[in-house]
Structure formats: C-alpha cells, structure tokens
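*Asks:* Supplied in structure tokens, the structure appears directly below.
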Ligand code: HEC
C-alpha cells in the first residue's frame with residue numbers, strides 16, 4: 001500500500017513538474033521569438049546602411065535620394081528575405097504585441113534617417129558618421145523611449161568603442177559564451193530574469209560577426225586609427241564583434257496572440 005502511494009506520488013510530482021515546465025517554455029518561446037525578430041530587424045537596419053555606405057560617403061554628390069522612406073522600404077525587403085515576415089510602419093498601432101514592437105522599430109529607424117537628411121546630402125563632405133553602429137544606436141535610443149519601461153534595444157561588445165554600448169553583467173556573460181567554439185554560430189540566447197522591483201523581463205542577445213566590410217575599421221593593423229578616428233581593435237573575419245541586446249517585459253499582454 002505504502003509502496004503504491006509513494007509510486008503514485010512520484011508520478012504526480014513528475015507530471016505536475018512536466019506540465020509546469022511546458023507552460024513556462026511556451027511563454028518563453030514566444031518571448032524569444034519576439035526578441036529575436038526585434039534583433040533581426042535591427043540587423044536589417046544596419047545592413048541597409050552598410051549597403052549604401054559608399055553613396056552616403058560620396059563627397060561629390062549632394063542630394064543622395066536616401067530618404068527615410070527609401071531606407072525603410074529597403075529594410076523591409078531585407079527583413080522579409082531574412083525572416084519571411086512582412087512588417088509595416090502602420091503596425092505601430094497594432095494590438096498584436098509582436099507587430100507593434102516591429103512597427104515601432106521601423107518608425108524609429110525612418111525618423112533617424114529623416115533627421116539626418118541635411119548631413120547625408122552635404123556636398124564636399126566624405127565621412128559623415130552615418131554608419132551602421134551609429135544609426136543603430138540612435139534607433140535604439142528612440143525605440144527605448146517610445147516603447148517605455150521594460151523594453152530596450154542596444155548594440156554591445158566586449159571591446160566597445162562607445163561607453164553607451166558597454167555590456168552589463170548578463171551581456172558580458174553571453175558575449176563570452178558566443179565566443180566559445182561550442183556555441184552554434186549565429187544562434188541567439190535569452191532567458192527570463194526577475195528585476196529588482198520583482199517584475200520579470202525577457203533578455204535576449206543575437207551575436208554579430210566580423211565581415212570583410214568591417215575590417216577597415218575594426219580589423220588590422222591593431223592600434224591604428226580608422227576613418228572615424230577610433231582605434232582599430234585588430235579583429236579577424238568571422239570573430240564575434242558583439243551582439244544586439246533586447247529586453248522585453250514578461251507579461252501576458254506581450255505574448256504572441258496568433259499561435
Ligand atoms: C567606418 C568605420 C566602421 C565600419 C566599417 C564598421 N564599424 Fe562598427 N563601429 C564603428 C564606430 C565608430 C563605432 C562606435 C559607434 C557609436 O558611437 O556608438 C562602432 C561600433 C560598433 C558596435 C557597437 C559596440 C561598440 O564598439 O561601441 C558594433 C557591434 C559594431 N560596430 C559592429 C560592426 C560590424 C559587425 C561591422 C561590419 C559589418 C562594423 N561594425 C563596421 C565604426 C565602424
């Protein structure tokens with residue numbers, strides 16, 4: 001009898017344990033998806049600036065035709081190719097939290113380029129500090145302000161150039177993990193954490209790697225100055241340069257609604 005009781009007790013503990021874990025993972029998976037898409041939209045924003053770098057830096061040309069509207073159109077195409085997902089600026093007012101977050105980011109991205117038109121169209125000036133990292137940082141600031149409490153988006157690195165991109169403890173931990181050979185290249189990582197006021201947030205990081213185009217500023221010779229006046233870090237192609245870091249509030253209103 002006692003044996004039977006212990007046995008059913010064990011089964012009960014086991015089943016409850018599993019279902020609790022399953023409920024938890026479903027929520028976390030949704031948040032991971034949302035955070036991953038936000039990070040990937042930021043990657044698309046960075047990529048379109050990189051693709052148009054020569055045009056932006058052209059000292060001969062005045063009006064570049066690189067307006068916020070054109071930029072956002074290209075970002076949307078890039079994002080669609082990468083994820084298969086359509087995103088629109090009008091999603092800013094969507095009731096679906098994922099769409100709303102992505103739509104907001106798209107609107108912020110457009111604003112940054114619209115606000116930079118005077119600089120971009122300056123004739124006689126080559127390097128204008130309109131580069132992926134700076135545009136990304138400014139877009140992140142806007143996004144954080146518009147989305148408010150619990151949300152944040154930033155670019156970070158162990159060898160950060162801008163103190164604003166300094167990694168916190170969790171970011172530094174994940175960046176080190178991304179550098180390990182055992183980490184699957186390109187894979188992001190996230191987890192739910194409880195912050196000091198007791199509320200929960202989902203933190204996520206997507207690694208960013210050194211590509212050939214990055215080397216003229218971040219590559220060799222280490223210690224030399226690049227075109228932006230910063231010291232080159234001596235990175236090699238394929239190394240982890242940093243990550244896109246995303247935080248979203250963990251709440252039921254934030255979960256993907258269309259499962
Ligand atoms: C024209 C020079 C230049 C090129 C090319 C360049 N970067 Fe940067 N990068 C910078 C500067 C300048 C900063 C600091 C930006 C700021 O003020 O936030 C920076 C910052 C960053 C950061 C944020 C962390 C930090 O150091 O503050 C990341 C991540 C980054 N770059 C990745 C890349 C990647 C990946 C590439 C290639 C795809 C690349 N960069 C190409 C100049 C460059």
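*Asks:* Report, by residue number, each residue of the stretch 148-174 that is out of contact with any strand residue (DSSP E or B) (no Cβ under 8 Å at 6 or more places or on another chain), more than 15 Å from the ligand (Cβ to nearest atom) and at pLDDT 95 or above.
*Replies:* 169, 173 - these are the residues of the stretch 148-174 that are out of contact with any strand residue (DSSP E or B) (no Cβ under 8 Å at 6 or more places or on another chain), more than 15 Å from the ligand (Cβ to nearest atom) and at pLDDT 95 or above.
*Asks:* How many residues are part of a helix (DSSP H, G or I) and touching a helix residue (DSSP H, G or I) at 6+ places or on another chain (Cβ under 7 Å) if we restrict to the stretch 32-65?
*Replies:* Taking the stretch 32-65 and keeping what is part of a helix (DSSP H, G or I), we get 32-51, 53-57.
Now drop any that are not touching a helix residue (DSSP H, G or I) at 6+ places or on another chain (Cβ under 7 Å), which leaves 34, 37-38, 40-42, 44-50, 56.
Within the stretch 32-65, residues that are part of a helix (DSSP H, G or I) and touching a helix residue (DSSP H, G or I) at 6+ places or on another chain (Cβ under 7 Å) number 14.
*Asks:* Can you find even one residue in the stretch 197-206 that is within 15 Å of the ligand (Cβ to nearest atom), loosely packed, with under 13 Cβ neighbours inside 10 Å, on the phi < 0 side of the Ramachandran plot and not in a strand (DSSP E or B)? Steps first, answer last, please.
*Replies:* Pass one, the stretch 197-206, residues within 15 Å of the ligand (Cβ to nearest atom): 205-206.
Pick out the ones that are also loosely packed, with under 13 Cβ neighbours inside 10 Å and you get none.
No, the conditions are met nowhere in the stretch 197-206.
*Asks:* Residue check: is residue 228 near the ligand (Cβ under 7 Å from one of its atoms) and part of a loop (DSSP other than H, G, I, E, B)? Talk me through it step by step, then tell me what you get.
*Replies:* Numbers: near the ligand (Cβ under 7 Å from one of its atoms): yes; part of a loop (DSSP other than H, G, I, E, B): yes.
When the stated conditions are applied, residue 228 passes them.
*Asks:* Check off (1) modelled with pLDDT of 95 or more; (2) over 22 Å from residue 47 (Cα atoms) for residue 138 and give me the number that stays unchecked.
*Replies:* (2)
*Asks:* Condition test on residue 210, is it touching a residue at least 24 places away in the same chain (Cβ under 8 Å), farther than 23 Å from residue 113 by Cβ and more than 16 Å from the ligand (Cβ to nearest atom)?
*Replies:* Numbers: touching a residue at least 24 places away in the same chain (Cβ under 8 Å): yes; farther than 23 Å from residue 113 by Cβ: yes; more than 16 Å from the ligand (Cβ to nearest atom): no.
The answer is no for residue 210.
*Asks:* For the stretch 232-240, check the following and say yes or no: at least one residue is at pLDDT 95 or above, assigned to a loop (DSSP other than H, G, I, E, B) and over 24 Å from residue 187 (Cβ atoms). Don't jump to the end; show me each part of the working.
*Replies:* Initially, the stretch 232-240 is screened for residues at pLDDT 95 or above, giving 232-240.
Applying the additional criterion that residues be assigned to a loop (DSSP other than H, G, I, E, B) yields 232-239.
Among the residues that remain, those that are also over 24 Å from residue 187 (Cβ atoms) are: 232, 234.
Yes, that holds for at least one residue.
The values are calculated or read from the model by the stated rules, or taken from the named source; none is laboratory data. Keep in mind the model is a prediction, meaning the values are calculated, not measured. Methodologically, a virtual Cβ is constructed for each residue, glycine included, from the backbone with ideal geometry; neighbour enumeration extends over all protein chains shown.
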